[in-house]
Structures are given as C-alpha cells and as structure tokens.
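**Student:** Questions regarding the structure given below will be posed in turn.
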Amino acid sequence: MTGASREDQARLLKSHFLFGKLRDEDIAELLAHSRTVSFRAGEEIFAKEDAGQSMIAVLQGSVRISAPSPTGSEIVFNIINAGGIFGEIALLDGGSRTAGAKALIDCELMILYRRDFMPLLARRADICIVLLEVLCTRLRQTSQQVEDLSFGDIGLRVAKALLGLAQNAHVQLTEPTSAVVRITQQELGNLVGGTRESVNRYLQSWQRAGFVKLGKSMISICDRTALEQLILNGSA
C-alpha cells in the first residue's frame, strides 16, 4: 500500500467536515503529533473494551466497527471508508472502546491522540460544537438502526444500509445516481441483522431490475433514486 504523504494527510483533514474548520497551523500541529499505521485485510485494529486514547482517520481502505453478540455472532454498527473518522468517544472521555474495529481491506490509518487533541479543543469552542454534532449523528444512526432491526422489513434495511454506506464513503459519483460500496454480502447481512441468503435474494432481485450490480466484495448502486423510492414506499 502506498503511504499517504503529509500533504495528502493535510488535504484529507482539510476536506473533512470536522477538521476542515481548523487553521493550517492547527492541522500542522495535529499532523506533527499523529502516527500513521497500516493494517492488512482482516486484521484487528482494536477490540471492544480496549483502552482508548485516540481518534483514527482512514486514509486508505475500509474499517468495520462491530461488537460480538451474546449468541456469539457479530453486530455490525458501521463501515468507515477513506475520509471517515472513528473512535471519537474514547478520544473525548479517555474510556474504553465501545466497539471493536477491524480492517475490511488493506488500510492506512492516521492516529490522533487525546493528549494532543484536547488542548486544541480547549482553545476552539467551534470545533467542540462540530464534534458534538458528529456524536449526535452517530447516536441518531444507532437509534435508527435499533428501530429498523426491531420493526423494519429486511429489504428496507438493506436499501437503507446501502444508501447510508454510499453517503458515508464520500465517493466521487461517476453518474448522479451511482456509487460503489465495498462490502461483502455477509458483512451487509451482519449490518442489517439478516442472513447472507436473505440479503442476497433482495440484491439479486435489484440487480435484475437494474438498481444494483454485484461484484466481488462490492456492490455498485446503479440507481440510487430507485432504492430511495423503495424506502419511501415502505416496501422492498
């Protein structure tokens, strides 16, 4: 994997809705104290309950945020793609990790440590407000996910998950309605609380209809509008 230069890292932070509010000198300060690490596909980045003293930005690759269920299966909370951040809670309170993180594909990550970030927050009330908005968005997503798992139709959950992942990926769309989500059908099933077989039935049906195109460890959304209409209609 080609390592991101300091210039690339600075551009990523500047393009992010949180770090983009920082001055150039603030970004340079963070980068001076940050550490860049690489993980291979399938490698654990940290486990639930691990000590957490940092927030992590994804420079390249994709990361799965999940936790084991009491039955031994896995509950997937989110997929973080290049340009995204995770670990905000541990950064703020210094507590243990609330979920585990694993590299879905080869990843390059930038670690920002609490001891370096908190003094910046103390100086910048506007950054505190944006970070609170990030946490509120995460909480809303989790609440919606719990509601969907309790009451939602599996097909609607799959459609919502695909659109949410496409939005979170910060993808450059080749067409107004298209995007590529890098995820396996098993991982998508874990994310929506369904089996791979049940997810595959919907995906195959949508592929025949031209809504999506299935590939190896990826799903191309060919018609976002069609998936959005399924959600509005309340039936997949």
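**Student:** Taking the Cα centre of the chain as origin, sum charge times position over the Cβ atoms of Lys and Arg (+1) and Asp and Glu (-1), and report the length of that vector in debye to the nearest 20.
**Tutor:** Details: 26 positive and 26 negative charges, 52 e Å.
Here the chain has a charge dipole of around 240 debye.
**Student:** On alpha carbon coordinates alone, what is the Rg over Rh value for the stretch 152-233, Rh being the Kirkwood radius?
**Tutor:** 0.92
**Student:** Quick one: the Cα spread of the stretch 3-42 along its three principal axes, in angstroms, biggest first?
**Tutor:** 35, 20, 14
**Student:** Could you list 120, 188, 59 so that the one with the fewest beta carbons within 10 Å of its beta carbon is first and the one with the most is last? Display every interim value, and only then the final one.
**Tutor:** On the way: 120 15, 188 24, 59 20.
Going from least to most buried by this count: 120, 59, 188.
**Student:** Tell me, what HN-Hα J-couplings in whole Hz come from the Karplus equation 6.51 cos²θ - 1.76 cosθ + 1.60 at θ = phi - 60° for each residue of the stretch 54-69, using x for Gly and Pro?
**Tutor:** 7, 10, 10, 10, 8, 7, 9, x, 9, 10, 9, 9, 7, 8, x, 8
**Student:** Find, among the GluC sites (Glu not before Pro) in the stretch 28-110, those assigned to loop by DSSP (not H, G, I, E, B) with at most 14 other beta-carbon atoms within 10 angstrom. Walk me through the intermediate numbers first.
**Tutor:** Numbers: sites: 29, 43, 44, 49, 74, 88, 108; in loops: 43, 49.
Loop-located and lightly packed - 43, 49.
**Student:** Rank the residues 128, 136 as a footprinting-exposure proxy: fewest other Cβ atoms within 10 Å of their Cβ go first. Write out the running numbers ahead of the final one.
**Tutor:** Numbers: 128 14, 136 10.
Listed from fewest to most nearby Cβ atoms, that is 136, 128.
**Student:** Of 109, 163, how do they rank once you tally other Cβ atoms within 10 Å and put the fewest first?
**Tutor:** Numbers: 109 26, 163 18.
Placing the least packed residue first, the sequence is 163, 109.
**Student:** Can you tell me the dipole magnitude for the stretch 192-236 around its Cα centre, using point charges on the Cβ only (Lys, Arg +1; Asp, Glu -1), in Debye to the nearest 20?
**Tutor:** Roughly 180 debye, rounded to the nearest 20.
Where a number appears in this text, it was derived from the coordinates with a stated rule and is not lab data. Computed from a predicted structure; not experimentally measured. We place every Cβ from the backbone using ideal geometry, glycine too, and count neighbours over all the protein chains shown.
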